[in-house]
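Take a look at the structure set out below.
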Amino acid sequence: MSINAEEIQAPQLKDLSIVRNEQKELDITPVHYLNRAFKTATFGMGCFWGAESLYGGTRGVLRTTVGYAGGTKDMPTYRNLGDHTEVLEIDYDPSVISYQRLLHIFWNNHEYGLTTVIKRQYMSLILYHDDEQKQIAELSKAEEEKRRAPEVITTEIAPKRNFYPAEDYHQKYRLQGHRDLCETLNLNSKLLKTSYVATKLNGYLVGVGGVEQFKAEVDCMGLTPSQKDYCYHYTEKNEGQGLYC
(Lines give C-alpha, C1' and ligand atoms only; values in the text may rest on other atoms or scores of the structure.)
Protein backbone atom coordinates (compact mmCIF):
# COMPACT_ATOMS: atom_id res chain seq x y z
CA MET A 1 0.00 0.00 0.00
CA SER A 2 1.38 3.41 -0.97
CA ILE A 3 0.03 6.37 0.99
CA ASN A 4 1.78 9.70 1.29
CA ALA A 5 0.74 11.26 4.59
CA GLU A 6 1.65 14.77 3.42
CA GLU A 7 -0.91 14.57 0.62
CA ILE A 8 -3.78 13.72 2.96
CA GLN A 9 -5.66 16.72 4.28
CA ALA A 10 -8.59 15.68 6.50
CA PRO A 11 -10.32 13.45 3.92
CA GLN A 12 -14.09 13.29 4.05
CA LEU A 13 -16.60 10.51 3.39
CA LYS A 14 -19.65 12.74 3.06
CA ASP A 15 -20.29 11.58 -0.51
CA LEU A 16 -21.04 7.96 0.29
CA SER A 17 -21.60 7.16 -3.38
CA ILE A 18 -17.84 7.38 -3.94
CA VAL A 19 -17.19 4.55 -1.47
CA ARG A 20 -20.13 2.53 -2.76
CA ASN A 21 -18.79 2.81 -6.32
CA GLU A 22 -15.32 1.77 -5.15
CA GLN A 23 -16.77 -1.22 -3.33
CA LYS A 24 -18.67 -2.28 -6.43
CA GLU A 25 -15.98 -1.63 -9.04
CA LEU A 26 -13.13 -3.10 -6.97
CA ASP A 27 -15.27 -5.91 -5.48
CA ILE A 28 -14.32 -4.90 -1.95
CA THR A 29 -16.45 -5.55 1.13
CA PRO A 30 -15.66 -4.82 4.80
CA VAL A 31 -14.15 -7.84 6.56
CA HIS A 32 -16.38 -8.49 9.53
CA TYR A 33 -15.24 -12.02 10.32
CA LEU A 34 -11.93 -13.88 10.16
CA ASN A 35 -12.07 -17.65 10.27
CA ARG A 36 -9.30 -18.18 12.80
CA ALA A 37 -9.05 -20.21 15.99
CA PHE A 38 -9.35 -17.94 18.99
CA LYS A 39 -9.44 -17.76 22.77
CA THR A 40 -11.25 -15.25 24.94
CA ALA A 41 -10.09 -13.00 27.77
CA THR A 42 -12.23 -10.76 29.97
CA PHE A 43 -10.87 -7.72 31.82
CA GLY A 44 -12.21 -4.80 33.80
CA MET A 45 -9.85 -1.83 33.90
CA GLY A 46 -11.92 1.33 34.26
CA CYS A 47 -14.11 2.91 31.59
CA PHE A 48 -14.56 0.28 28.90
CA TRP A 49 -14.51 2.76 26.00
CA GLY A 50 -10.76 3.32 26.27
CA ALA A 51 -9.96 -0.33 26.97
CA GLU A 52 -11.84 -1.44 23.87
CA SER A 53 -9.83 0.92 21.68
CA LEU A 54 -6.58 -0.12 23.36
CA TYR A 55 -7.05 -3.82 22.66
CA GLY A 56 -8.77 -3.29 19.32
CA GLY A 57 -5.61 -1.73 17.93
CA THR A 58 -3.42 -4.54 19.30
CA ARG A 59 -2.10 -7.13 16.84
CA GLY A 60 -3.67 -10.54 17.32
CA VAL A 61 -6.96 -9.23 18.71
CA LEU A 62 -9.85 -10.32 16.48
CA ARG A 63 -12.99 -9.05 18.22
CA THR A 64 -13.90 -6.95 21.22
CA THR A 65 -17.21 -6.44 23.01
CA VAL A 66 -17.87 -4.19 25.99
CA GLY A 67 -20.31 -5.28 28.65
CA TYR A 68 -21.11 -5.97 32.28
CA ALA A 69 -19.95 -8.97 34.32
CA GLY A 70 -18.84 -10.24 37.69
CA GLY A 71 -22.03 -9.53 39.60
CA THR A 72 -25.30 -11.25 40.44
CA LYS A 73 -27.95 -8.96 38.95
CA ASP A 74 -29.84 -10.37 35.98
CA MET A 75 -29.83 -8.32 32.78
CA PRO A 76 -27.91 -5.27 34.02
CA THR A 77 -27.92 -2.03 32.05
CA TYR A 78 -25.69 1.02 32.21
CA ARG A 79 -28.31 2.88 34.24
CA ASN A 80 -29.09 -0.13 36.42
CA LEU A 81 -25.78 -1.92 36.80
CA GLY A 82 -26.28 -3.54 40.19
CA ASP A 83 -23.08 -5.19 41.43
CA HIS A 84 -21.53 -5.71 37.99
CA THR A 85 -18.34 -4.18 36.58
CA GLU A 86 -17.67 -2.61 33.19
CA VAL A 87 -15.56 -5.18 31.34
CA LEU A 88 -14.12 -5.89 27.93
CA GLU A 89 -14.39 -9.31 26.30
CA ILE A 90 -11.51 -9.97 23.91
CA ASP A 91 -11.31 -12.71 21.27
CA TYR A 92 -7.66 -13.16 20.33
CA ASP A 93 -5.52 -15.35 18.12
CA PRO A 94 -3.14 -17.20 20.51
CA SER A 95 -0.73 -17.85 17.65
CA VAL A 96 -0.16 -14.09 17.38
CA ILE A 97 -0.58 -12.79 20.93
CA SER A 98 -0.42 -14.65 24.24
CA TYR A 99 -2.60 -14.31 27.31
CA GLN A 100 0.51 -13.15 29.15
CA ARG A 101 0.93 -10.30 26.68
CA LEU A 102 -2.72 -9.32 27.10
CA LEU A 103 -2.10 -9.19 30.86
CA HIS A 104 0.97 -7.02 30.36
CA ILE A 105 -1.22 -4.51 28.56
CA PHE A 106 -3.83 -4.86 31.31
CA TRP A 107 -1.41 -4.09 34.16
CA ASN A 108 0.00 -1.03 32.47
CA ASN A 109 -3.13 0.69 31.16
CA HIS A 110 -5.67 1.15 33.93
CA GLU A 111 -7.70 4.33 33.82
CA TYR A 112 -7.79 4.76 37.60
CA GLY A 113 -4.67 2.83 38.48
CA LEU A 114 -4.14 -0.57 40.03
CA THR A 115 -3.83 0.56 43.63
CA THR A 116 -6.82 2.90 43.93
CA VAL A 117 -9.96 1.57 45.62
CA ILE A 118 -12.93 2.76 43.55
CA LYS A 119 -16.56 1.81 43.05
CA ARG A 120 -17.25 -1.63 41.64
CA GLN A 121 -18.36 -0.30 38.25
CA TYR A 122 -14.77 0.67 37.40
CA MET A 123 -12.79 -1.78 39.52
CA SER A 124 -9.78 -3.75 38.31
CA LEU A 125 -10.98 -7.24 37.46
CA ILE A 126 -9.71 -10.36 35.69
CA LEU A 127 -12.33 -12.98 34.85
CA TYR A 128 -10.62 -16.21 33.82
CA HIS A 129 -12.15 -18.66 31.35
CA ASP A 130 -10.27 -21.81 32.37
CA ASP A 131 -7.73 -23.13 34.88
CA GLU A 132 -4.80 -22.18 32.68
CA GLN A 133 -5.90 -18.53 32.58
CA LYS A 134 -6.43 -18.61 36.34
CA GLN A 135 -2.89 -19.84 36.99
CA ILE A 136 -1.34 -17.36 34.57
CA ALA A 137 -3.34 -14.46 36.01
CA GLU A 138 -2.48 -15.30 39.62
CA LEU A 139 1.22 -15.65 38.83
CA SER A 140 1.17 -12.43 36.82
CA LYS A 141 -0.52 -10.56 39.66
CA ALA A 142 2.04 -11.85 42.16
CA GLU A 143 4.87 -10.63 39.93
CA GLU A 144 3.17 -7.27 39.51
CA GLU A 145 2.76 -6.90 43.28
CA LYS A 146 6.49 -7.48 43.76
CA ARG A 147 7.28 -4.91 41.12
CA ARG A 148 4.98 -2.29 42.63
CA ALA A 149 5.66 -2.93 46.33
CA PRO A 150 4.87 -1.45 48.79
CA GLU A 151 1.73 -0.44 46.87
CA VAL A 152 -1.19 -2.90 47.13
CA ILE A 153 -2.87 -4.01 43.92
CA THR A 154 -6.66 -4.00 44.15
CA THR A 155 -7.29 -6.33 41.19
CA GLU A 156 -9.74 -9.18 41.81
CA ILE A 157 -9.34 -12.50 39.98
CA ALA A 158 -12.51 -14.58 39.61
CA PRO A 159 -14.12 -17.11 37.24
CA LYS A 160 -16.09 -15.73 34.33
CA ARG A 161 -19.68 -16.78 35.05
CA ASN A 162 -21.65 -14.26 33.06
CA PHE A 163 -21.33 -11.51 30.50
CA TYR A 164 -24.00 -9.07 29.38
CA PRO A 165 -23.13 -7.00 26.30
CA ALA A 166 -23.54 -3.28 26.87
CA GLU A 167 -25.95 -1.12 24.93
CA ASP A 168 -25.12 -0.44 21.28
CA TYR A 169 -24.06 3.15 21.89
CA HIS A 170 -21.20 1.89 24.09
CA GLN A 171 -19.87 -0.56 21.49
CA LYS A 172 -16.91 0.69 19.39
CA TYR A 173 -17.56 4.09 20.96
CA ARG A 174 -14.68 5.91 19.28
CA LEU A 175 -15.46 4.42 15.87
CA GLN A 176 -19.09 5.50 16.17
CA GLY A 177 -17.89 9.09 16.31
CA HIS A 178 -17.12 8.67 12.59
CA ARG A 179 -20.70 8.26 11.39
CA ASP A 180 -20.06 8.40 7.66
CA LEU A 181 -17.35 5.75 7.94
CA CYS A 182 -19.65 3.52 10.00
CA GLU A 183 -22.31 3.79 7.31
CA THR A 184 -19.86 2.69 4.63
CA LEU A 185 -18.92 -0.31 6.81
CA ASN A 186 -22.58 -1.46 6.90
CA LEU A 187 -22.53 -1.80 10.67
CA ASN A 188 -25.64 -2.96 12.51
CA SER A 189 -26.33 -3.88 16.13
CA LYS A 190 -24.77 -7.35 15.83
CA LEU A 191 -21.69 -6.18 13.91
CA LEU A 192 -20.97 -3.44 16.42
CA LYS A 193 -20.24 -6.29 18.84
CA THR A 194 -18.58 -8.80 16.52
CA SER A 195 -17.00 -7.12 13.48
CA TYR A 196 -13.28 -7.57 12.89
CA VAL A 197 -12.84 -4.35 10.90
CA ALA A 198 -14.88 -2.37 13.44
CA THR A 199 -12.72 -3.75 16.24
CA LYS A 200 -9.49 -2.74 14.51
CA LEU A 201 -10.62 0.72 13.40
CA ASN A 202 -11.98 1.52 16.86
CA GLY A 203 -8.36 1.36 17.96
CA TYR A 204 -6.54 2.75 14.94
CA LEU A 205 -8.72 5.85 14.57
CA VAL A 206 -7.59 7.07 18.00
CA GLY A 207 -3.96 6.26 17.25
CA VAL A 208 -3.50 2.87 18.94
CA GLY A 209 -0.97 0.73 17.11
CA GLY A 210 0.30 3.63 15.05
CA VAL A 211 0.77 4.30 11.36
CA GLU A 212 3.25 1.54 10.55
CA GLN A 213 1.13 -1.18 12.11
CA PHE A 214 -1.96 0.22 10.40
CA LYS A 215 -0.24 0.03 7.02
CA ALA A 216 0.76 -3.58 7.74
CA GLU A 217 -2.78 -4.66 8.62
CA VAL A 218 -5.10 -2.46 6.58
CA ASP A 219 -5.20 -4.64 3.47
CA CYS A 220 -6.86 -7.39 5.53
CA MET A 221 -9.78 -5.16 6.53
CA GLY A 222 -11.69 -4.89 3.26
CA LEU A 223 -11.42 -1.10 2.91
CA THR A 224 -11.63 0.89 -0.31
CA PRO A 225 -8.99 3.51 -1.22
CA SER A 226 -11.18 6.33 0.13
CA GLN A 227 -11.78 4.50 3.40
CA LYS A 228 -8.05 3.74 3.74
CA ASP A 229 -7.12 7.38 3.21
CA TYR A 230 -9.67 8.51 5.76
CA CYS A 231 -8.52 6.02 8.40
CA TYR A 232 -4.83 6.65 7.73
CA HIS A 233 -5.34 10.36 8.34
CA TYR A 234 -6.85 9.84 11.79
CA THR A 235 -4.40 7.11 12.75
CA GLU A 236 -1.53 9.45 12.03
CA LYS A 237 -3.22 12.47 13.62
CA ASN A 238 -4.00 10.67 16.88
CA GLU A 239 -0.97 8.42 17.32
CA GLY A 240 0.38 8.83 20.84
CA GLN A 241 -2.74 10.55 22.21
CA GLY A 242 -4.60 9.53 25.39
CA LEU A 243 -7.41 7.00 25.36
CA TYR A 244 -9.49 7.26 28.46
CA CYS A 245 -12.71 9.06 29.28
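Those residues that are among the polar types (S, T, N, Q) and within 23 Å of LEU125 (Cα to Cα), I need them from region 163-201; list them, please. Break it down stepwise before answering.
Filtering region 163-201 down to residues among the polar types (S, T, N, Q) leaves 171, 176, 184, 186, 188-189, 194-195, 199.
Passing the criteria: GLN171, THR194, THR199.
Which ranges mark the helices (runs of 4 or more DSSP H) fully within region 102-214 that have 1 or more residues being open to solvent by 20 Å² or more (accessible area, probe 1.4 Å)? Hits in region 102-214: 131-148, 173-176, 179-184, 189-194. Look at region 22-35: where a residue is over 17 Å from LEU192 (Cβ atoms) and a partner is open to solvent by 40 Å² or more (accessible area, probe 1.4 Å) and not in a loop (DSSP other than H, G, I, E, B), sitting 6+ places away or on another chain with Cβ atoms under 7 Å, you get GLU22/PRO225. Annotation note: Cβ proximity below 8 Å between a residue of region 177-199 that is at pLDDT 95 or above and of a type in the set (A, V, I, L, M) and a residue that is assigned to a helix (DSSP H, G or I) and open to solvent by 40 Å² or more (accessible area, probe 1.4 Å) (sequence gap 6+ or interchain) occurs for LEU192/ASP168; LEU192/GLN176.
Given the condition modelled with pLDDT under 95, more than 18 Å from CYS47 (Cβ to Cβ), of a type outside the set (A, V, I, L, M) and assigned by the TED database to the domain that holds SER98, answer yes or no: does some residue in region 151-171 qualify? Checked against the condition, which is being modelled with pLDDT under 95, more than 18 Å from CYS47 (Cβ to Cβ), of a type outside the set (A, V, I, L, M) and assigned by the TED database to the domain that holds SER98, region 151-171 yields at least one hit.
Residue count for region 229-245 satisfying the condition of being surrounded by fewer than 19 Cβ atoms within 10 Å (Cβ to Cβ), not in a loop (DSSP other than H, G, I, E, B) and not acidic (Asp, Glu): 3. Being within 24 Å of LEU125 (Cβ to Cβ), of a type in the set (Ser, Thr, Tyr) and in a loop (DSSP other than H, G, I, E, B) is not true of THR65. For region 215-227, the set of residues classified as open to solvent by less than 40 Å² (accessible area, probe 1.4 Å) and over 17 Å from the mean Cα position of the chain (by Cα) consists of GLY222, LEU223, THR224, SER226, GLN227, listed by residue number. Put simply, of ILE97, ILE90 the only residue that is touching a strand residue (DSSP E or B) at 6+ places or on another chain (Cβ under 8 Å), within 11 Å of PHE43 (Cα to Cα) and either in the same structural domain as LYS146 (by the TED database) or surrounded by fewer than 16 Cβ atoms within 10 Å (Cβ to Cβ) (or both) is ILE90. When region 35-61 is filtered for residues that are touching a strand residue (DSSP E or B) at 6+ places or on another chain (Cβ under 6 Å) and part of a loop (DSSP other than H, G, I, E, B), the ones remaining, listed by number, are PHE38, GLY60.
Remark: LYS39 matches the filter, which requires a residue to be surrounded by 14 or more Cβ atoms within 10 Å (Cβ to Cβ) and either at pLDDT 95 or above or small (Gly, Ala, Ser) (or both).
Residues being among the aromatic types (Phe, Trp, Tyr) and either farther than 21 Å from GLY46 by Cβ or touching a helix residue (DSSP H, G or I) at 6+ places or on another chain (Cβ under 7 Å) (or both) are represented in region 126-145 by at least one member.
The values are calculated or read from the model by the stated rules, or taken from the named source; none is laboratory data. As the structure is a prediction and not an experimental result, all values here were calculated from the model. All Cβ positions, glycine included, derive from the backbone under ideal geometry; neighbour counts span all protein chains shown. Ligands, DNA and RNA are stripped out before the accessible areas are found, and what is left, the full protein with its side chains, is counted by its heavy atoms. Shrake-Rupley method; radii C 1.70, N 1.55, O 1.52, S 1.80 Å.
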